[in-house]
Structure formats: C-alpha cells, structure tokens
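S.K.: Submitted below is the structure of interest, expressed as structure tokens.
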Amino acid sequence: MASILPLSAGKSNKPQAGGRERRIMGNPWYGLIPAVSYLLFFYLIPVVYLLSRSFKITQGSGIQFAPGLTLANYIEFFTARTNYLAYARSMVISILVVLFASLIAYAVAYTIVFIVPKRYQQMTLLLIIAPFWTSFVIRAFAWQLLLAEAGPVSAFLKQVGVGSLKILNTHVATVIGLTVFGVMMLTLNLYSVMENINPNLLAAAADLGARRWQTFKEVVFPLSRPGLLIGAALTFIISFGDYVVPSLLGGGVRIVLSQAMVGAMTTSFNIPRASTYAMIMLVTILVVTMPILRLSRVGLNTE
Amino acid sequence: MGSNSIVELQDVTKRYGESVVAVDAINLSVRRGEFLTLLGPSGCGKTTTLRMIAGLETVSSGKILINQEDVTYLPPYSRNTSMMFQDYALFPHMSIEDNIAFGLKMRRVPRDERLKKAREMLEFIQLPHIAGRKPNQLSGGQRQRVALVRSLILQPEVLLLDEPLGALDAELRRQMQVELKRNQQQLGITFIYVTHDQEEALSLSDRIVVMNGGRVEQMDTPKMIYEQPRTTFVASFIGRCNLRKGIAEAKEGRLVVFLDAVLGKFPAACFNGVEAIQPGQRIAIALRPEKIRIGREAENCQTKAVGILKYTGFLGSIVRIVVELAPGDEVVVESQALPEAQVGEKISLGWNCDDAIVLTENSGGDK
C-alpha cells in the first residue's frame, strides 16, 4: 500500500495524468492487492475451509472433526437414492428454466430492440426488469398467492376448461418462479448485446438479398449469441443453487439439492455432509457453465 | 428522361412525423453508367435519398423508377441496387470471404462456388491473402475495398455509396478516390455517391446534384456547377466565393445591370435557370476569387474597382489577398503573382461581366 500513497500526494514533478499512469503501470501488481486480499480472506479461505470439511467426519459437538481424510460423505451421496434424486431434480429444473427463459427472453429482447420504437425502448426495458426492485423472497410469496389452489391462475385454468391443476407445491411452480427470474436476467443480457448491433448490418444484409428470417439467422442471432450464452449460464447458476423458490413454491417434499444441503445443516447439523452437497453443486456449476462461457467468447473478440 | 436513365426519382418526399421534411419533392434522373454525386451539408437529405433508392427507407410520397420499373414499394432485396455504407457494415462475426460471398449465399449459390467467386473478388482488389481474416483485423483501406467488392458480387446495375471514404485519413482518401473512379469506369456500373466533401465531388463526378434543406439546388457537371452556380447556396458551398447583394436595375439579354451599394452599377451575367430575373428584383452575385484581376491586369477588365490592400497571404501556388472596398466590406482575391501594392496602399481590381454570376435564392436554403 505504501507505494501507492505518494501517487495521490500531488507533489510529483509530473503533474500530468500521463506521469501518474506510467508509475502505476510500472508496478502493475500493487493495484491488485486490495481486491486480491479481500477475495482471499472473505471468500477463498472460508470456501476452501468449508469444502475441505467434506472429506471429514464430525465428532462430538459437530464442529469438531475426526482426524484423517475420508470419502465416506461422497460414497453416502452417490449411494442414497434420495440424494441423487434431489440432484436430478435440481438439474432437470435448471435445464427447463434455462430453456424456457431463453426462449421467452429472446423474443422479449428482440421485440424491445428491433420492434418497439426507439423512444419507448428504455421504458419497456424498465418495466420488464421492474420486479428486480423487490426482494426475491417477496416475489416468491407473491407467486404462492397466484398459484395457490384458490388463486387466480387455478381459477383461470378452470374457466378455460383445463380443470383444476395442482401447481403450487409442485416443481411446476418452481420452474415458473425461476423462469420469471431467468427471463429478467436473460433479457438484460440480450438487450445489451442486441442494442450494440449496428443497424447498418441489418440494412446491409437486406441490401445483399437477405429476407427478414435470413437476416435474423445470419446476422442478428450470431451477434446476440454471447449475450444469450452468458445469460443462460447465469440463469443456470441461480436456478441450480436457489433455495428460496423450491422451498416456497415447490413444497418441501420432493427436495432439490439446495434443500438437501440446508437440511443437512438445520436438521442434523452435519457440516461435512452439507459441505459435500456444496462441493457437488460447485463442481456441477463449473462443469456446466465453463464450456458455455468459453463458447460465448468466440463471438466476443470481434468488435 | 429517355431510356438511358437508369434511376429516376419523381417528386420523392420523405417526412418524419408531421413536421420534419427530410427530402422535399425531389426529381432526379440518373443516366446509365454515370458517376452521379449527391453533395450537400449534413442533414440536407442526401443520405435519406440514397437509402430510399436502396429501399432501406420508405418513401412518403412520389415514385422511384429503376429501369423504367416502379420500385417505390419493393424491398431492398428485390432491387438491382447495392449499397456501400459509410462504416462499411462488414459482418464482424464472419471472415472476409464469407462477407464477400454473403450476397451469393442469400441467392443459395453452393458454398464452393460462392467462395471461389469471393476469392476472385479478392484478387480483383489485390488482397487475396486476407480471405480468412475477420473485419476487425483489417485496415481502413482494406475494409473499404472489401465493402466495395461485397456490394459488387451480385453485379448490381447501380451502386449506392454513402460517404464511403469518410472514415479514412486524407492521404488514403485521395488514393481511394482514384481507385473508386477507376473501378467505376472499368466496370461500367452507375455510381450514385453521397458526400459532403465538395472537392471529392468535383474530382470524381460526371454530374453533381447539390442538395440543401431536402431540395435539389442544382444538378449539373462539376465544371458548370463551379462556373455557373445558380443559387447563393451553390456558389458559397462549392469553392470560395465573394457574394454581393444588390438590385437588378435592368436586363438586356442574359446581362443584368447590377446595382451594388458600394461599387455602383456594373454588368453581371445570367446563366441557365436564372433568366426569370425581373428589373428591380433583389439579387446576389458571385465573384470567384481567382476571376478577379489585380493591379495592371485589372485595367483591361470590363468592370473596375479600387480598394485598400488589407492582407497578403502567400500559399505557394497562389497568393490570397484581402481588399477592403469600404469599411467592413472586403473582397477575397486569389492571384498567381504577389501584388505590387503594399498592405495599406490602394489597389485596383477588375473582372469581366461573365465572371459576375447572377444568383437567385430560390430553394429552402438557410442562407
């Protein structure tokens, strides 16, 4: 830190910005110290500590561990049916959410950028992300009311003759709740990439003989793909790890991975078991999202 | 408007909303194979006109004909025109050969065939080695060439160019001007070229359409536009010029007796399109700086005047002189030789009646 301080003292012989920049550039690593130490102490060390507990077994009060490392928690996870069922539910729910949210958000973002007149664009976008302003939990409760057996959604379905369906406390409700969130996340990402598409590119495509659909296929879609992939990755991460929506909308019977993890902590205070779930969740998210993010970069380095 | 006109605009108007008229009932007839330039300041409607011809902008009223066929409501892909954009609009996610072959791909030409065509195009612009690159790996000049051949691959009859050299630096610009003109002559394609650079327009065009405020001010060859401007706008937009306002006292044939508040009466010439001047009407005349003679040379001129030399600037090939006729009333003169008079001394000026060009202020100019 000491080497950074003289820069702000302002008594340097070179008062121009150029001089300051060059001195920082001379020691590029010093500038990273605050960020790196923050991440190290408040993120990396706790996470590594917690995850390392997955190779331990509790002893006594629960925060003491037996000596030595073991794979017992992992063996337990992969042999117990309830565990891998929870894992499968999380996976299926997340994939469905990403799929539905991508389709809906793509249509929404495309409409905002290419169909809604310019002067209404900002407002439309604002309306679509307005739910972000309230708490995630509040929104989940609101969906509880909407999806309840006596709620408006059921009433509507009865009216149109679908009959009474149980939605609340099934994972249909979980998928709906998470999709709503995913749509917002993806719309924001897609809006920003689509907004950046030079309108002359669409004009050039049309001029060179592309019909509307071809322009979409050849120009708009490839150029918006990075936004779609990043948005999908973020939506997957949130859906796979979320605890609130599956609990409030999906009911507590057919549990998902995050519920199993919380259960391990709250009902049995088994830190190693919870850590095992966390470790599996982390690895899954990395395995799924890393290729997606890498794929999205293919389009990123072209202006 | 015989059969040699390839593009024709009849009272074409473009309105945005209720009040904004970007293009105001313009009429144009573009001849087959010519290099026609739409020249004007930004916001004069030249780009809008070009985009309407391409079909990228809807027409509010009027008609556009290409090859005598009404295309006013045809989409861009049904017109045999091609557009080259100011920012080139190369597809950033495609390789250069895919960019060039795009038009053929849309026509469902098989991949091998269209890539072969694209490579031929790259040979034509002498850049065969960049086929696999992405647009952001090219220099400005290379992008410009690629954009040109991408537009040409479908063999359009009319190429529309929207300030295609605007993004290049001065040196490259001059080089590209020569290249564009050569390509146009080689290929025999009609070019409709939009620019705000008068020098570019003068050097490249067969004919120039000077636009201002959504209207056509004058349409003529570069020489005529320069030597016989019709309006004050054209006279002052193209080249340097001394504008003098006054009254047309009398008219005999194409000569007008011009009454100038400072210089008194002298004859001035009316060219095409301004014959309708009536005696007593307020008019303006243009005097090109290089048409005004100084010192001894002025003695043989039809009109003479005397002023005080205020400034002499040596610019290499010419000398620019500022002469004060009356306080606050100055005339700029461009001469081949340095004046004999010193700054502050009297100097005589002279010009012939054909060099004092009568102008009208018809169109919706802001002058």
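S.K.: For residue A:140, all conditions in the list (1) within 22 Å of residue A:99 (Cβ to Cβ); (2) within 14 Å of another protein chain (Cβ to nearest Cβ) hold save one; what is the number of the exception?
M.R.: Among (1) within 22 Å of residue A:99 (Cβ to Cβ); (2) within 14 Å of another protein chain (Cβ to nearest Cβ), the lone unmet condition for residue A:140 is (2).
S.K.: Filter the range A:70-86 down to the residues that are of a type in the set (Ser, Thr, Tyr) and in contact (Cβ under 8 Å) with a residue 40 or more places away in the chain and list them by number.
M.R.: The answer is A:74, A:82.
Conditions tested, residue by residue: (1) facing another protein chain (nearest Cβ under 10 Å); (2) in contact with a Gly (Cβ under 8 Å, 6 or more places away or on another chain); (3) open to solvent by 10 Å² or more (accessible area, probe 1.4 Å).
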{"site": "A:186", "(1), (2), (3)": "no, yes, no"}
{"site": "A:205", "(1), (2), (3)": "yes, no, no"}
{"site": "A:209", "(1), (2), (3)": "yes, yes, no"}
{"site": "A:212", "(1), (2), (3)": "yes, no, yes"}
{"site": "A:233", "(1), (2), (3)": "no, no, no"}
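S.K.: From A:6, A:34, which residue is over 17 Å from residue A:270 (Cα atoms), at pLDDT 85 or above and assigned to a helix (DSSP H, G or I)?
M.R.: Details: A:6 fails: at pLDDT 85 or above.
Checking each option against the conditions leaves just A:34.
S.K.: I'd like the full set of residues that are part of a helix (DSSP H, G or I) and open to solvent by 40 Å² or more (accessible area, probe 1.4 Å), limited to the range A:53-71.
M.R.: Once the filter is applied, which keeps residues that are part of a helix (DSSP H, G or I) and open to solvent by 40 Å² or more (accessible area, probe 1.4 Å), the range A:53-71 yields only A:55.
S.K.: Now for a separate question. When residue A:197 is evaluated against the numbered criteria (1) within 14 Å of another protein chain (Cβ to nearest Cβ); (2) open to solvent by 30 Å² or more (accessible area, probe 1.4 Å); (3) outside any helix (DSSP H, G or I), which criterion, by number, is the only one it fails?
M.R.: Of everything listed in (1) within 14 Å of another protein chain (Cβ to nearest Cβ); (2) open to solvent by 30 Å² or more (accessible area, probe 1.4 Å); (3) outside any helix (DSSP H, G or I), residue A:197 misses just condition (2).
S.K.: Failed condition for residue B:105, given (1) more than 26 Å from residue B:210 (Cβ to Cβ); (2) within 11 Å of another protein chain (Cβ to nearest Cβ); (3) open to solvent by less than 50 Å² (accessible area, probe 1.4 Å), with all others met?
M.R.: Against the list (1) more than 26 Å from residue B:210 (Cβ to Cβ); (2) within 11 Å of another protein chain (Cβ to nearest Cβ); (3) open to solvent by less than 50 Å² (accessible area, probe 1.4 Å), residue B:105 comes up short only on (3).
S.K.: In the range A:245-254, is there at least one residue being open to solvent by less than 10 Å² (accessible area, probe 1.4 Å) and over 25 Å from residue A:141 (Cα atoms)?
M.R.: Checked the range A:245-254: no residue is open to solvent by less than 10 Å² (accessible area, probe 1.4 Å) and over 25 Å from residue A:141 (Cα atoms).
S.K.: Check off (1) of a type outside the set (Phe, Trp, Tyr); (2) open to solvent by less than 10 Å² (accessible area, probe 1.4 Å); (3) outside the structural domain of residue B:40 (by TED's automatic domain parsing) for residue B:210 and give me the number that stays unchecked.
M.R.: Among (1) of a type outside the set (Phe, Trp, Tyr); (2) open to solvent by less than 10 Å² (accessible area, probe 1.4 Å); (3) outside the structural domain of residue B:40 (by TED's automatic domain parsing), residue B:210 violates only (3).
S.K.: If you go through the range B:32-53 one residue at a time, do you hit one that is more than 13 Å from chain A (Cβ to nearest Cβ), in contact with a strand residue (DSSP E or B) (Cβ under 6 Å, 6 or more places away or on another chain), open to solvent by 60 Å² or more (accessible area, probe 1.4 Å) and farther than 30 Å from residue B:18 by Cβ?
M.R.: So far as the range B:32-53 goes, yes, one or more of its residues are more than 13 Å from chain A (Cβ to nearest Cβ), in contact with a strand residue (DSSP E or B) (Cβ under 6 Å, 6 or more places away or on another chain), open to solvent by 60 Å² or more (accessible area, probe 1.4 Å) and farther than 30 Å from residue B:18 by Cβ.
S.K.: Among the residues of the range B:69-80, write down those that are more than 8 Å from every other protein chain (Cβ to nearest Cβ) and either assigned to a loop (DSSP other than H, G, I, E, B) or within 25 Å of the chain's Cα centre (by Cα) (or both).
M.R.: B:71, B:72, B:73, B:74, B:79, B:80
S.K.: Regarding residue A:166, is this residue open to solvent by 80 Å² or more (accessible area, probe 1.4 Å) and either touching a helix residue (DSSP H, G or I) at 6+ places or on another chain (Cβ under 7 Å) or not in a helix (DSSP H, G or I) (or both)?
M.R.: In short, yes.
S.K.: Considering only residues that are more than 11 Å from the chain's Cα centre (by Cα) and in a helix (DSSP H, G or I), look in the range B:213-230 and name the one that is surrounded by the fewest Cβ atoms within 10 Å (Cβ to Cβ).
M.R.: Among residues in the range B:213-230 that are more than 11 Å from the chain's Cα centre (by Cα) and in a helix (DSSP H, G or I), the one surrounded by the fewest Cβ atoms within 10 Å (Cβ to Cβ) is B:223.
S.K.: I would also like to ask the following. When residues of the range A:190-226 are filtered for being closer than 21 Å to residue A:105 by Cβ and polar (S, T, N, Q), how many remain?
M.R.: The total comes to 4.
S.K.: Let me ask something else. Out of the residues in the range A:276-303 that are open to solvent by 40 Å² or more (accessible area, probe 1.4 Å) and within 14 Å of another protein chain (Cβ to nearest Cβ), state the one that is modelled with the lowest pLDDT.
M.R.: So, considering only residues that are open to solvent by 40 Å² or more (accessible area, probe 1.4 Å) and within 14 Å of another protein chain (Cβ to nearest Cβ), the one modelled with the lowest pLDDT is A:303.
S.K.: Answer with yes or no whether residue B:65 is surrounded by fewer than 22 Cβ atoms within 10 Å (Cβ to Cβ) and either outside the structural domain of residue B:131 (by TED's automatic domain parsing) or outside any loop (DSSP other than H, G, I, E, B) (or both).
M.R.: Yes, satisfied.
S.K.: If residue B:88 passes every condition in (1) part of a helix (DSSP H, G or I); (2) within 9 Å of chain A (Cβ to nearest Cβ) but one, which one does it miss?
M.R.: (1)
S.K.: Which condition number in (1) in contact with a Ser or Thr (Cβ under 9 Å, 6 or more places away or on another chain); (2) surrounded by fewer than 18 Cβ atoms within 10 Å (Cβ to Cβ); (3) not in a loop (DSSP other than H, G, I, E, B) is the one that residue A:273 fails?
M.R.: With (1) in contact with a Ser or Thr (Cβ under 9 Å, 6 or more places away or on another chain); (2) surrounded by fewer than 18 Cβ atoms within 10 Å (Cβ to Cβ); (3) not in a loop (DSSP other than H, G, I, E, B) applied to residue A:273, the lone miss is (2).
S.K.: Of everything in the range A:219-254, what is assigned to a loop (DSSP other than H, G, I, E, B) and among the small types (Gly, Ala, Ser)? Give them in sequence order.
M.R.: Of the range A:219-254, the ones assigned to a loop (DSSP other than H, G, I, E, B) are A:242-243, A:249-254.
Hits for the range A:219-254 are A:250, A:251, A:252.
S.K.: Which members of the range B:110-168 meet the condition of being away from chain A (no Cβ under 12 Å), among the small types (Gly, Ala, Ser) and touching a residue at least 24 places away in the same chain (Cβ under 8 Å)?
M.R.: Within the range B:110-168, B:118, B:131, B:132, B:140, B:141, B:166, B:167 qualify.
S.K.: Would the range B:75-95 turn up any residue that is open to solvent by 10 Å² or more (accessible area, probe 1.4 Å) and among the aromatic types (Phe, Trp, Tyr)?
M.R.: Checked against the condition, which is being open to solvent by 10 Å² or more (accessible area, probe 1.4 Å) and among the aromatic types (Phe, Trp, Tyr), the range B:75-95 yields at least one hit.
S.K.: Continuing with this model, one more query. Condition check: without any contact (Cβ under 8 Å) to a residue 12 or more places away in the chain, at the interface with another protein chain (Cβ under 10 Å from one of its Cβ atoms), closer than 30 Å to residue A:115 by Cβ and open to solvent by 30 Å² or more (accessible area, probe 1.4 Å). Does residue A:222 satisfy that?
M.R.: No; evaluated as a whole, the condition is false for this residue.
S.K.: Something else about it: With the structure loaded, tell me whether residue A:76 is surrounded by fewer than 18 Cβ atoms within 10 Å (Cβ to Cβ) and not in a helix (DSSP H, G or I) or whether it fails that test. Break it down into steps so the answer makes sense when it comes.
M.R.: Numbers: surrounded by fewer than 18 Cβ atoms within 10 Å (Cβ to Cβ): yes; not in a helix (DSSP H, G or I): no.
No; evaluated as a whole, the condition is false for this residue.
S.K.: For the list (1) of a type outside the set (Gly, Ala, Ser); (2) within 14 Å of chain A (Cβ to nearest Cβ); (3) crowded, with 17+ Cβ neighbours inside 10 Å, I need the number of the one condition that residue B:12 fails.
M.R.: (2)
S.K.: What's the number of the condition residue A:179 fails, among (1) modelled with pLDDT of 85 or more; (2) open to solvent by 40 Å² or more (accessible area, probe 1.4 Å); (3) of a type in the set (S, T, N, Q)?
M.R.: Only one criterion in (1) modelled with pLDDT of 85 or more; (2) open to solvent by 40 Å² or more (accessible area, probe 1.4 Å); (3) of a type in the set (S, T, N, Q) is unmet by residue A:179, namely (2).
The values are calculated or read from the model by the stated rules, or taken from the named source; none is laboratory data. Bear in mind the structure is a predicted one, so any value in this text is a computation, not a measurement. Backbone-built Cβ (ideal geometry, glycine too); neighbour counts: all protein chains shown. Accessible surface areas use protein heavy atoms only, side chains included; no ligands, DNA or RNA. Shrake-Rupley method; radii C 1.70, N 1.55, O 1.52, S 1.80 Å.
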